[in-house]
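Below is a structure I'd like to ask you about.
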Amino acid sequence: MTTATHAFDALMDITARPQVVFVRGKGSYLWDDSGKRYLDFVQGWAVNCLGHSPDAIADALAVQSAALLTPSPAFYNAPSLNLAKALIEKSCFDQMFFANSGAEANEGAIKLARKYGSLHKNGAHEIITFEGGFHGRTLATMSASGKKAFEPLFEPKVSGFRKARLNDLDSVKALITPSTVAVMLEPIQGEAGVWPATDQFLRELRALTGEHRLLLILDEIQTGVGRTGKLFHYEHAEIEPDIMTLGKGIGGGVPLAVLLATEKASCFAHGDQGGTFNGNPLMCAAGLAVLEQVSKPEFLKAASDAGQLLASELQKLSARHGLGEVRGRGLLLALDLKLPIGASIVAQAFQRGLLLNSPQPDALRFMPALNVSRAEIAKMIECLDAIMTDAGVARQVA
């Protein structure tokens, strides 16, 4: 089949896509329907933590699909119970709720915080979020986000979100009122260009929220499940949030997300939360396969080492071409381009069989599989170096 036979216009035109159809993936590579191979450093936006079509997930899905797809969320099923138990044992939380997407998990976190405020804080409902933050595309999560492009869309927004500045504790303090119930943030702002909250800021934020009896909500949709070198990013700062959301990597390529909470914050009553496909055994079987692999100390060590290597190679590349800093942690990194040339570099990389992402015009984001090899990192750097050399990036920056 050639791309000419595909009805591209049958899909709503909601983003710019190259007119190429991917048909197969394995590890760090994708193949299109013409047989061309691409080295993938996007991996579905940090979704495919074990790479494309890993045997562990494929086998788990095959076995589970032959046994039970879903009995409905009105009944228990073994994979969801087993995955819930494993996540609780490996985290600081006491209870959890399964969802199908990161936005849905974050929507649940917002609802849980508001329910907590209604029960324990005299109806407090406002949540402090952050400029540059991204929490999803439902109306509430878009309202919680600090993405400038969202501001004119789908008015009126959901009220109750006040925006502080990342790594500025005073800006958070200035927004706290009797109506405040929680503070919500990504440990690393991915869509904004990979801007990390410092460990010190997270510790100070935990102390501040404790002092004011506020919930601390960490959106670890992108940073969780080994992406930054630990199973969960909050471990770097040695804090314990009240609520955390997971998505992307926890499914390893299938739609699965999680809302976790401490016993104190777990206040949903019957009927408050639900969803037709939430916690279905097929997706939870995949999540179990992912967690079994990613939570191994040797796997996390290898991912952390790969992140250090990637950061080092990007720093060398930046020095050669007179570019800016390398930001991020583990295998969630960005290269500051100093110029709005990200889209052009992504397009040139695509032509050469390399998939990259530019979340902001002046930055490239790197989200390879957590088991990416040294050889694959070297190949990506070699290709990116050639693109920048051919484009005369160093001359443009100068």
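The values are calculated or read from the model by the stated rules, or taken from the named source; none is laboratory data. From a predicted model like this one, the values you see are computed outputs, not experimental measurements. Cβ: placed from backbone, ideal geometry, glycine included. Neighbour counts: every protein chain shown.
Report, by residue number, each residue of the range 247-282 that is aliphatic (A, V, I, L, M) and assigned to a strand (DSSP E or B).
Val254, Ala257, Val258, Leu259, Leu260, Ala261
Ok, one more. Have a look at Leu205, Leu175, Leu185 and point out the one that is farther than 20 Å from Phe232 by Cβ and in the same structural domain as Ile110 (by TED's automatic domain parsing).
Step by step, each of Leu205, Leu175, Leu185 is checked, and only Leu175 is farther than 20 Å from Phe232 by Cβ and in the same structural domain as Ile110 (by TED's automatic domain parsing).
Got a number for residues in the range 40-58 being more than 18 Å from Ala303 (Cα to Cα), in contact (Cβ under 8 Å) with a residue 12 or more places away in the chain and not polar (S, T, N, Q)?
1
So Ala99 passes all but one of these: (1) touching a helix residue (DSSP H, G or I) at 6+ places or on another chain (Cβ under 7 Å); (2) at pLDDT below 95; (3) small (Gly, Ala, Ser). Which condition number does it fail?
(2)
Search the range 325-338 for residues that are of a type in the set (Asp, Glu) and pair each with any residue that is at pLDDT 95 or above and part of a loop (DSSP other than H, G, I, E, B) when their beta-carbon atoms are under 6 Å apart and the residues are at least 6 apart or on different chains.
Filtered contacts from the range 325-338: Asp336/Gly324; Asp336/Glu325.
Quick one: count up the residues across the range 17-32 that are of a type outside the set (D, E, K, R) and more than 21 Å from the chain's Cα centre (by Cα).
Summing the residues that are of a type outside the set (D, E, K, R) and more than 21 Å from the chain's Cα centre (by Cα) in the range 17-32 gives 7.
Would you point out the residue of the range 165-189, among those that are within 15 Å of Thr223 (Cβ to Cβ) and among the aliphatic types (A, V, I, L, M), that is surrounded by the fewest Cβ atoms within 10 Å (Cβ to Cβ)?
Ranking the qualifying residues of the range 165-189, first place goes to Leu166.
Further question on the same structure: Would you be able to tell me the number of residues in the range 211-222 that are farther than 16 Å from Gly252 by Cβ and part of a loop (DSSP other than H, G, I, E, B)?
3
Another one. Hey, does the range 79-88 have a residue that's within 30 Å of Ile110 (Cα to Cα), of a type outside the set (A, V, I, L, M, F, W, C) and modelled with pLDDT under 95?
The answer is no, given that none of the residues of the range 79-88 is within 30 Å of Ile110 (Cα to Cα), of a type outside the set (A, V, I, L, M, F, W, C) and modelled with pLDDT under 95.
So which residues in the range 272-320 are within 19 Å of Val194 (Cα to Cα) and of a type in the set (S, T, N, Q), if there are any at all?
Of everything in the range 272-320, those that are within 19 Å of Val194 (Cα to Cα) and of a type in the set (S, T, N, Q) turn out to be Ser304, Gln308, Ser312, Gln315, Ser318.
In addition: Exactly one condition in (1) out of contact with any strand residue (DSSP E or B) (no Cβ under 7 Å at 6 or more places or on another chain); (2) within 16 Å of Ile243 (Cα to Cα); (3) crowded, with 21+ Cβ neighbours inside 10 Å is false for Leu83; which is it?
The failed condition is (2).
Does Leu317 qualify as being touching a residue at least 40 places away in the same chain (Cβ under 8 Å), surrounded by 22 or more Cβ atoms within 10 Å (Cβ to Cβ), over 30 Å from Leu83 (Cα atoms) and not assigned by TED's automatic domain parsing to the domain that holds Ser101?
Taking the combined requirement at face value, the residue does not satisfy it.
Could you say which residue among Ala306, Ala286 is under 19 Å from the mean Cα position of the chain (by Cα), in contact (Cβ under 8 Å) with a residue 60 or more places away in the chain and not assigned by TED's automatic domain parsing to the domain that holds Gln222?
Selected residue: Ala306, the only one of Ala306, Ala286 that is under 19 Å from the mean Cα position of the chain (by Cα), in contact (Cβ under 8 Å) with a residue 60 or more places away in the chain and not assigned by TED's automatic domain parsing to the domain that holds Gln222.
Given the options Ala109, Ala86, name the one that is touching a residue at least 60 places away in the same chain (Cβ under 8 Å) and either outside the structural domain of Ala67 (by TED's automatic domain parsing) or closer than 24 Å to Gly136 by Cβ (or both).
Unique residue meeting the criteria: Ala109.
Only one of Ala192, Ala140, Ala144 is in the same structural domain as Ser101 (by TED's automatic domain parsing), in contact (Cβ under 8 Å) with a residue 60 or more places away in the chain and crowded, with 20+ Cβ neighbours inside 10 Å. Can you tell me which?
Step by step, each of Ala192, Ala140, Ala144 is checked, and only Ala192 is in the same structural domain as Ser101 (by TED's automatic domain parsing), in contact (Cβ under 8 Å) with a residue 60 or more places away in the chain and crowded, with 20+ Cβ neighbours inside 10 Å.
Still on this model: Can you spot a residue in the range 348-362 that is touching a Ser or Thr at 6+ places or on another chain (Cβ under 7 Å) and within 22 Å of His52 (Cα to Cα)?
No, the range 348-362 contains no residue that is touching a Ser or Thr at 6+ places or on another chain (Cβ under 7 Å) and within 22 Å of His52 (Cα to Cα).
Here is a further query. Please identify the pairs in which a residue from the range 258-280 that is surrounded by 16 or more Cβ atoms within 10 Å (Cβ to Cβ) and β-branched (Val, Ile, Thr) has its Cβ atom under 6 Å from the Cβ atom of a residue that is part of a loop (DSSP other than H, G, I, E, B) and modelled with pLDDT of 95 or more, counting only partners at least 6 apart or on another chain.
Matching pairs, first to second residue: Thr262/Phe93; Thr262/Asp94; Thr262/Asp242.
So that you can scan it fast, the table gives a plain yes or no per residue for (1) modelled with pLDDT under 95; (2) of a type in the set (Lys, Arg); (3) loosely packed, with under 15 Cβ neighbours inside 10 Å; (4) in a loop (DSSP other than H, G, I, E, B):
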{"site": "Ala343", "(1), (2), (3), (4)": "no, no, yes, no"}
{"site": "Val346", "(1), (2), (3), (4)": "no, no, no, no"}
{"site": "Ala349", "(1), (2), (3), (4)": "no, no, no, no"}
{"site": "Asn371", "(1), (2), (3), (4)": "no, no, no, yes"}
{"site": "Ala378", "(1), (2), (3), (4)": "no, no, yes, no"}
{"site": "Ala386", "(1), (2), (3), (4)": "no, no, yes, no"}
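Sticking with this one: Name the residues in the range 147-184 that are closer than 25 Å to His120 by Cβ, among the hydrophobic types (A, V, I, L, M, F, W, C) and in contact (Cβ under 8 Å) with a residue 12 or more places away in the chain, would you?
Val158, Phe161, Ala164, Leu169, Val172, Leu175, Ile176, Val181, Ala182, Val183, Met184
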